[in-house]
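Q: Can you keep this structure in mind? I'll have questions shortly.
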Amino acid sequence: MKKFYLTTPIYYVNDVPHIGHAYTTILADVIKRYKGLRGHRVFFLTGTDEHGQKIERSAAKQGLTPKQLSDAMVEHFKELWRTLHIEYDAFIRTTDEVHIRGVQKVFSRVREKGDIYLGEYAGHYCISCENFIPDSVEETSDGKRACPDCGRLTDNRVREKCYFFRLSAYGDRLLKFYAENPEFVTPRSRMNEVVSFVKMGLRDLSVTRSTVKWGIPVPGDPQQTIYVWFDALSNYITAIDYLDEGERFRDFWPADLHIMAKDILKYHAVYWPAFLMAAGLPLPRKELIHGWWLKDEKKMSKSSGNVLDPHILLRHFSADAIRYFLMREASIGADGNFSHEGFIGRVNTDLTNDWANLVSRTTGMIEKYFANSFQDNAAYTDREKEIETQYNALEKSVLDLFDQYQFNRGLEAVFEYVNQLNRYIVEVQPWNLAKEEENRPRLAGVLKTLSRAILSINALLSPILTETAAMVRAIFHSSDLGLGWKDLPETFAIGRGTQLFPRVDSKAFFAETEAIPASAPIGATMPETSMPPQADAAAQPTAVPQGDATTKVPAADGLIDIDDFKKVQMIVARVLAAAKVEKADKLLKLEIDTGDGTRTLVAGIALHYTPEDLVGRKIIIVKNLKPAKLRGILSQGMILAASDAANRPYIPILPEETPVGAILK
Ligand code: ME8
């Protein structure tokens with residue numbers, strides 16, 4: 001079995017994680033699960049970077065020791081990863097003993113080789129990036145220099161005795177390695193940046209600090225601590241037992257993939273390979289460099305005060321929704337913009353309206369027409385064969401895209417297919433097939449094809465939608481975790497439909513994020529006023545009286561129990577067509593879509609609503625009311641409306657993203 005070892009950066013513990021950290025870690029988790037799906041034996045490492053001046057300073061500000069700060073912050077990271085369904089195989093802390101001794105071992109190896117020598121560093125240092133600023137950077141008149149990594153000006157001048165790494169000796173070897181492995185850094189544009197950087201010439205690098213106490217002591221010279229980047233980068237080998245060069249190290253090194261954002265490219269693509277060459281160790285196979293997450297088009301950073309707390313999202317959305325949005329919206333090479341409007345729009349459209357709706361329509365119809373299990377012989381036409389062929393082509397191209405870590409494009413293709421299936425339902429109109437006994441085999445063929453397509457897509461989505469994928473498998477009683485056009489299980493009987501992506505109360509979400517836009521937010525919930533009625537007419541019934549009045553009389557205290565309530569099936573429907581009923585000025589005839597079919601309904605609302613007011617609107621109906629004939633038209637159900645003292649109807653407005661067929665309960 002082929003192994004696959006992948007890593008995230010180890011994050012600084014100066015603060016709690018934000019959505020940028022969550023993105024890298026989710027991306028790694030998605031790749032881990034995807035590689036598993038493709039049959040690899042995967043090892044996924046993440047962790048925390050706890051040494052150095054940056055952490056020392058943050059801890060002091062909070063009146064803590066660096067270790068106390070680290071211990072507290074690590075819990076935040078671990079808790080967030082748990083909530084986001086991150087399944088790492090190891091979590092390394094740079095304060096772990098195995099790491100400390102491992103780093104000392106790398107340092108000693110390189111020193112024994114003669115690539116580390118004693119000297120003195122004099123120059124500027126950016127604490128925020130833990131970066132030595134080269135002399136080539138021009139000094140301002142007031143003695144400051146701009147950090148090439150973050151652009152911040154600093155007057156932090158350092159002069160200290162330290163050990164240097166002979167980086168200058170590695171330029172040619174690095175260039176040769178890049179030339180032989182042009183895919184080492186992905187995307188290509190980032191590889192080009194690295195090559196240009198190295199071609200400009202490399203200077204020896206200070207790899208110890210004598211003025212920083214919070215770090216790993218240099219073996220044999222405890223006055224010095226190891227430079228935090230030398231320490232941190234080594235985590236990728238210390239976490240897999242480089243210290244004893246044990247089985248895990250032999251199995252998994254070199255890493256197959258280091259994942260990070262562009263901020264730390266130089267450290268990973270120049271320093272790290274040089275350190276490894278010096279230590280006589282193989283180099284990682286690939287580094288995947290993603291862009292920045294911006295908030296409302298501005299770079300998200302703690303100093304700009306615009307970082308996004310994933311916990312706010314998690315209070316309103318499932319982990320799957322967050323994972324999906326981040327994977328769908330970011331393309332590896334470019335920056336991604338995070339807006340609350342974009343987030344809720346994407347989730348409601350793709351996940352609630354398209355995917356969850358496809359599953360619930362299909363399972364709803366299997367429940368309705370086949371009592372949840374198929375006994376019939378199914379009949380298929382070329383159209384069903386085409387659905388299968390299209391899936392096979394889709395899967396091939398999605399796997400190609402996922403192999404290149406282009407999850408956004410892969411997901412776009414998957415959802416295009418989901419929409420094709422939703423259109424297929426409208427095209428074949430299973431509710432019409434259900435009307436004739438002779439069409440039952442075709443109806444079974446259609447619903448089986450939809451079920452197989454859903455299970456197949458579900459597997460493709462499973463690295464991203466971890467929890468929902470399990471729910472879909474459970475609904476269909478399927479334990480097949482693999483890829484390919486799915487068979488239905490032998491004893492096929494679907495379980496009760498579960499809501500995969502319940503609608504989110506966008507008002508509450510926007511209220512918490514304080515991002516309520518001037519215009520109505522996407523998917524706004526109930527507005528203050530309902531749709532205005534047309535005319536101030538005399539009292540009218542709000543709904544058509546239905547059938548005979550045989551409804552059970554409630555208990556004397558007027559209370560009903562939940563079972564009584566459950567008898568009333570209220571669902572969301574969409575008005576497809578509306579017309580006045582001839583010679584009945586109060587009545588409108590509506591054709592409605594209930595998600596699993598269409599039906600006719602007659603409502604006494606014509607004095608207040610015109611057909612144009614209603615076509616396209618989502619309404620609430622009582623679905624299981626006995627049909628009643630009105631003016632010769634069979635009304636199958638009842639529209640719900642509020643009514644005032646004068647019995648004037650007010651039809652409630654539902655959020656646009658409410659799926660047709662959704663149940664009110
Ligand atoms: O650099 N958009 O740690 P760090 C996208 N300890 N990704 C973001 C992001 C944003 N706005 N903000 C952070 C360090 N990230 C070192 C790493 S590794 C040996 C040592 C992600 O806490 C992204 O992966 O500053 C970035 O590279 C990383 O967090 C930086 O995390």
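The values are calculated or read from the model by the stated rules, or taken from the named source; none is laboratory data. Keep in mind the model is a prediction, meaning the values are calculated, not measured. Neighbour counts run over all protein chains shown; Cβ positions are idealised from the backbone, glycine included.
Q: Taking the conditions exactly as written (out of contact with any Ser or Thr (no Cβ under 9 Å at 6 or more places or on another chain), of a type outside the set (Gly, Ala, Ser) and free of Cβ contacts under 8 Å to residues at least 12 places away in the same chain), does residue 436 satisfy them or not?
A: Judged against the criteria, residue 436 is a match.
Q: Considering only the stretch 87-95, I want to know if a residue exists there that is under 31 Å from the mean Cα position of the chain (by Cα), of a type in the set (Asp, Glu) and within 15 Å of the ligand (Cβ to nearest atom).
A: Looking through the stretch 87-95, none of the residues is under 31 Å from the mean Cα position of the chain (by Cα), of a type in the set (Asp, Glu) and within 15 Å of the ligand (Cβ to nearest atom).
Q: Return the pairs, sorted by first residue and then second, in which the second residue is part of a loop (DSSP other than H, G, I, E, B), the first residue lies in the stretch 205-218 and is of a type in the set (D, E, K, R), the beta carbons are less than 8 Å apart, and the residues are 6+ apart or on different chains.
A: Partner pairs satisfying both residue conditions: 209/215; 209/227.
Q: Taking only the stretch 198-236 into account, find how many residues are farther than 16 Å from residue 120 by Cβ, of a type outside the set (Phe, Trp, Tyr) and outside any strand (DSSP E or B).
A: 16
Q: I'm checking my understanding of the structure. Among residues of the stretch 237-274 that are assigned to a loop (DSSP other than H, G, I, E, B) and under 23 Å from residue 187 (Cα atoms), which one is nearest to the ligand (Cβ to nearest atom)?
A: Within the stretch 237-274, the match that is nearest to the ligand (Cβ to nearest atom) is 255.
Q: Can you work out which of the residues in the stretch 219-236 that are in contact (Cβ under 8 Å) with a residue 24 or more places away in the chain and of a type in the set (S, T, N, Q) is nearest to the ligand (Cβ to nearest atom)?
A: 235
Q: Go through the stretch 1-94 and tell me which strands (runs of 3 or more DSSP E), entirely inside it, have 1 or more residues that are among the small types (Gly, Ala, Ser).
A: Result: 41-49, 90-93.
Q: If only one of 440, 452 is basic (Lys, Arg) and modelled with pLDDT under 95, which one is it?
A: Just one listed residue meets the conditions, 440.
Q: Return the residue satisfying two criteria in turn: it lies in the stretch 279-319 and is of a type in the set (Gly, Ala, Ser) and within 29 Å of residue 465 (Cβ to Cβ), and of such residues it is surrounded by the fewest Cβ atoms within 10 Å (Cβ to Cβ).
A: Once the filter is applied, the top-ranked residue is 291.
Q: Could you grab me the full set of residues in the stretch 9-24 that are under 15 Å from residue 327 (Cβ atoms), surrounded by 24 or more Cβ atoms within 10 Å (Cβ to Cβ) and more than 6 Å from the ligand (Cβ to nearest atom)?
A: Within the stretch 9-24, 22 is the sole residue that qualifies.
Q: Which residue pairs have Cβ atoms under 7 Å apart, sit 6 or more places apart or on different chains, and have a first residue in the stretch 582-608 that is small (Gly, Ala, Ser) and a second that is assigned to a strand (DSSP E or B) and buried (at least 21 other Cβ atoms within 10 Å of the Cβ)?
A: Note: pairs meeting the criteria are 603/588; 603/590; 603/639; 606/588.
Q: Now for a separate question. What is the residue count in the stretch 161-197 for residues that are more than 20 Å from residue 291 (Cβ to Cβ), part of a helix (DSSP H, G or I) and of a type in the set (Phe, Trp, Tyr)?
A: Residues meeting the conditions: 3.
Q: Determine if the stretch 419-430 includes at least one residue that is assigned to a helix (DSSP H, G or I), basic (Lys, Arg) and in contact with an Asp or Glu (Cβ under 7 Å, 6 or more places away or on another chain).
A: Within the stretch 419-430 (the criterion being assigned to a helix (DSSP H, G or I), basic (Lys, Arg) and in contact with an Asp or Glu (Cβ under 7 Å, 6 or more places away or on another chain)), the answer is no, since none of the residues qualifies.
Q: Follow-up. Pairs, please: C-beta under 7 Å, at least 6 apart or cross-chain, first residue without any contact (Cβ under 8 Å) to a residue 40 or more places away in the chain and in the stretch 272-290, second within 14 Å of the ligand (Cβ to nearest atom) and of a type outside the set (Phe, Trp, Tyr)?
A: 272/233
Q: On to the next question. Considering the stretch 371-405 alone, what residues qualify as being buried (at least 18 other Cβ atoms within 10 Å of the Cβ), more than 20 Å from residue 482 (Cα to Cα) and of a type outside the set (A, V, I, L, M, F, W, C)?
A: If the condition is that a residue be buried (at least 18 other Cβ atoms within 10 Å of the Cβ), more than 20 Å from residue 482 (Cα to Cα) and of a type outside the set (A, V, I, L, M, F, W, C), then 384 is the only one that fits.
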